[in-house]
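To start, the structure under review is shown below, and the notes come after it.
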Amino acid sequence: MVNPANKRKFKIIVVGTGLAGASAAATFGELGYQVESFTFHDSPRRAHSIAAQGGINAAKNYQGDGDSVHRLFYDTVKGGDFRAREANVHRLAEVSVNIIDQMVAQGVPFAREYGGLLDNRSFGGAQVSRTFYARGQTGQQLLIGAYQQLARQIGLGNVKLWNRMEMVDVVNIDGRCAGIVTRDLMTGEVSSHSAHAVVLATGGYGNAFYLSTNAMACNVTAAWRAHRRGAGFANPCYTQIHPTCIPQADDFQSKLTLMSESLRNDGRIWVPENPDETRPASEVPDEERDYYLERIYPSFGNLAPRDVSSRAAKRAVDSGRGVGPLKNGVYLDFAAAIERLGADTIKERYGNLFDMYERITGESPYERPMRIYPASHYTMGGLWVDYELQTTVPGLFCAGEANFSDHGANRLGASALMQGLSDGYFVLPYTIAPYLADLLNKPVPDTSHEAFKAAETEATERYNGYLAINGTRGPDHFHRELGKIIWDYCGMDRNEAGLEKALSEIPALHEEFKKDLKVTGNGTSLNQTLEKAARVDDFFELGMLMCKDALTREESCGGHFRSEHQTEEGEALRNDEDFAHVTAWEWSGDPSAPIENREQLEYEVVKFATRSYK
């Protein structure tokens, strides 16, 4: 522990200002620590947490339907296909109830019932209603709540905000994390910042697939640079494909758009029975429709977990029954809900999502079904952390989506916001103290230390190197080609031959990148092409590790589906005897030859069981 008077003697750097980063920085400031917060955005409110639409889970049992901390804990472990660390998940379930109280106190406008009580909706993988929501913009409202607390601490002088600053390296001195190296995105200036501890809350790596629901700027660079400095990277093959996204329209598209899982509360998913069906959806009679989730998983129906729902959609489209101009989607139909509840009620619940869909597709979901298809959305893998959220580098902590800790091989819907706020408000402020206590009265490392200077020089040379290649193709070309390889061979369906092919194609493309990259402009002013080049370079190395991890894990579990390991019904077939562990990869200096470490998963409360949602 650190007593209140001593907290002001410690300095903490927090990288990232999403829900985990903003809540951690605000809480550290409130507790009395010296805090410096870094974001590469112009404002902390640009963080990608705003894109979380559907809601946030908490075991409040306001609906009186039998929910409890234990049920949320069990659902999360089961949803992760028994590949999460039991202790971390139980802590998450315990503090979930506090998160709602915290955010309501901050003024977050959660939806309420007619009588004024907080409302709940259902989400995938659960048979109770435990998801709190603010229409279809829950993440945005929660981030505004966390941001106002961060802004208050900035105004009080307890937190110093650095915006438009990208973290490009981690610096270790005497076996401890001593600070970070950043690059000013407006001027290109590389500088060092030291602290007693560093927290990374920089989000996931879903953009490795190129086409994803993530914002275009989302990247793995901060986590990957920490990995190269000694932090273990855990379970990189655990990536989540979200079942309800707007299908790709053409080969030139650079981003996909999420349609919230909450839509599956009232929307019914179906495809025509006839692969040659040409009639408009409204003219296809019910008996000629295949409501495949309701048919295969009657207990959960359209609210089956994301990995299960995504694979079912892929099977339907692969069978030739896809819908839309490219036959690459399935229907999400609200006709029955509108008839039952009325258009006004549906508009109250999902109006902004319906408007977004119509702006993108030109089709009104009130009049015809949405077209959806799975897409890369979230990453369960990330930097390995212990129970106190400390990485394998002492003094370097990791929170939110950037770590691996809570979701196993598949995250249940509405659990990302829960984890981010849990880590930032209720975990890190307490677990970081034992580490800091040992550093009492020890000064913050000096940025003139040779380790900082060496890291600055290395970063400067790296960015100058991208400019010096002067090839013929921009970073977006290489990112698109890399993403296609990863999606084709390490996406929803994986096998040994495909993964080995990817592990031969990615290094070859990476060599071409190093010889033929074209970065226009210079390194001393705003240059988004240069920023992108560095991020894509890191995606290449991460992509190799994702495929290596998927190849090594000879089983199917959650979002990791190896076609060689499936049941007769096409469901994931786990191998608990050989693979009930976390794989934490260590950087060896060669991206194609990482060092494998394993943490065995021990379950004391939950017992291994075959996951069934039927």
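The values are calculated or read from the model by the stated rules, or taken from the named source; none is laboratory data. All values reported here derive from a predicted model rather than from experimental measurement. Ideal geometry is used to build each Cβ from the backbone, glycine not excepted, and the neighbour counts take in all protein chains shown. Keep in mind that these areas ignore ligands, DNA and RNA; they rest on the heavy atoms of the full protein, side chains included. Shrake-Rupley method; radii C 1.70, N 1.55, O 1.52, S 1.80 Å.
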Requested in this report: Report yes if residue 215 is of a type in the set (A, V, I, L, M, F, W, C), part of a loop (DSSP other than H, G, I, E, B), touching a helix residue (DSSP H, G or I) at 6+ places or on another chain (Cβ under 9 Å) and open to solvent by 10 Å² or more (accessible area, probe 1.4 Å), otherwise no.
Outcome: yes
Report task. Could you grab me the full set of residues in the range 92-140 that are surrounded by fewer than 19 Cβ atoms within 10 Å (Cβ to Cβ), of a type in the set (D, E, K, R) and within 14 Å of residue 72 (Cβ to Cβ)? Result -> 94
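Each row is one residue, and each column tells you yes or no for (1) surrounded by fewer than 24 Cβ atoms within 10 Å (Cβ to Cβ); (2) of a type in the set (D, E, K, R); (3) over 17 Å from the mean Cα position of the chain (by Cα).
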position: 22; (1), (2), (3): no, no, no
position: 28; (1), (2), (3): no, no, yes
position: 41; (1), (2), (3): yes, no, yes
position: 46; (1), (2), (3): yes, yes, no
position: 58; (1), (2), (3): no, no, yes
Requested in this report: Would you check if there is a residue in the range 523-542 being assigned to a loop (DSSP other than H, G, I, E, B), open to solvent by 60 Å² or more (accessible area, probe 1.4 Å) and either over 30 Å from residue 79 (Cα atoms) or hydrophobic (A, V, I, L, M, F, W, C) (or both)?
Outcome: yes
Query raised in the report: Can we say residue 126 is touching a Phe, Trp or Tyr at 6+ places or on another chain (Cβ under 9 Å), more than 30 Å from residue 462 (Cα to Cα), touching a residue at least 40 places away in the same chain (Cβ under 8 Å) and of a type in the set (Gly, Ala, Ser)?
Result: yes
Requested in this report: Restrict the check to the range 471-480 and report whether at least one residue is at pLDDT 95 or above, assigned by the TED database to the domain that holds residue 543, assigned to a helix (DSSP H, G or I) and within 30 Å of residue 557 (Cβ to Cβ).
Outcome: yes
Query raised in the report: Taking the range 341-365 on its own, how many of its residues are under 20 Å from residue 120 (Cα atoms) and assigned to a loop (DSSP other than H, G, I, E, B)?
Result: 1
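With the requirement that a residue be open to solvent by 30 Å² or more (accessible area, probe 1.4 Å) and either in contact with a Lys or Arg (Cβ under 7 Å, 6 or more places away or on another chain) or among the hydroxyl-bearing types (Ser, Thr, Tyr) (or both), what does the range 325-351 give you?
Listed by number, the residues that qualify are 331, 336, 345.
Here's the yes/no breakdown for (1) without any contact (Cβ under 8 Å) to a residue 12 or more places away in the chain; (2) over 28 Å from residue 121 (Cα atoms):
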residue	(1), (2)
269	no, no
276	yes, yes
292	no, no
306	no, no
311	no, no
339	yes, no
Requested in this report: Could you run through the range 392-407 and say how many residues are within 18 Å of the chain's Cα centre (by Cα), open to solvent by less than 30 Å² (accessible area, probe 1.4 Å) and not aliphatic (A, V, I, L, M)?
Outcome: 8
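Looking only at the range 413-446, filter to residues that are part of a loop (DSSP other than H, G, I, E, B) and open to solvent by less than 10 Å² (accessible area, probe 1.4 Å); which one of those is nearest to residue 179 (Cα to Cα)?
Quick first cut of the range 413-446, residues part of a loop (DSSP other than H, G, I, E, B) only: 413-415, 432, 438-446.
Now restrict to residues that are open to solvent by less than 10 Å² (accessible area, probe 1.4 Å): 413-415, 432.
Details: 413: 34, 414: 33, 415: 30, 432: 15 Å.
So, considering only residues that are part of a loop (DSSP other than H, G, I, E, B) and open to solvent by less than 10 Å² (accessible area, probe 1.4 Å), the one nearest to residue 179 (Cα to Cα) is 432.
For the range 466-507, which positions are of a type in the set (A, V, I, L, M) and open to solvent by 60 Å² or more (accessible area, probe 1.4 Å)?
Listed by number, the residues that qualify are 468, 497.
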